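For reference, the structure discussed in these notes is given below.
Quick note: the coordinates plus some simple rules give every number you see, no bench work behind them. None of the values given here were measured: they were computed from a predicted structure. Using ideal geometry, Cβ is built from the backbone for each residue, glycine included, and neighbour counts are taken over all protein chains shown.
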Amino acid sequence: MGFGSKLKKLREERGMSRDDLAKALNVSSQAVYKWETDKGYPDISNMIKISDMFQVTIDDLIKNDKTLQEKIKIDEKKDFMEELSDPGFYIGMILILIGTLAFDGKIANVLTISGLLSILFFSDLLGSLKSFFKKNG
């Protein structure tokens with residue numbers, strides 16, 4: 001049984017309409033319809049809410065749904081590729097290489113540390129900005 005069928009069964013067992021579930025999750029009833037017909041899937045925050053609401057684990061919800069499992073794998077690959085495309089990563093690597101290959105002593109240490117901080121700072125800043133704009137935009 002796929003995710004959509006499980007969701008519909010759980011909803012009907014609780015005597016909820018699509019509108020009731022949609023209101024509880026703060027989504028449209030059309031979104032719930034798409035989930036139940038396997039034409040779309042909820043984001044992770046709604047998946048957690050569904051899990052809590054129906055007192056089932058997320059694993060139970062997605063266990064036999066190969067399409068959803070593949071989507072999760074693809075999204076994980078996209079996240080990794082996004083990290084590699086982060087400009088802070090490249091700026092940091094350039095600083096580390098310059099510090100390592102071109103200089104000795106304090107200058108090399110400063111460039112290497114600056115490169116590492118650049119990699120960490122830009123990645124965190126980019127992640128923070130993305131989550132901020134997802135919540136507010």
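If R0 is 30 Å, what FRET efficiency do you get for Lys63 and Ser29 from their C-beta distance, rounded to 0.05?
0.70
Each of Leu117, Leu61 was scored by other Cβ atoms within 10 Å of its Cβ. Arranged with the fewest first, they read Leu117, Leu61.
Taking other C-beta atoms within 10 Å as the exposure proxy, Lys106, Lys6 rank Lys106, Lys6 from fewest upward.
What the phi angles of segment 43-60 give under the Karplus curve with 6.51, -1.76 and 1.60, with θ = phi - 60°, is a coupling list of 6, 5, 5, 6, 4, 5, 4, 4, 4, 5, 4, 9, 6, 10, 7, 4, 4, 5 Hz, glycine and proline written as x.
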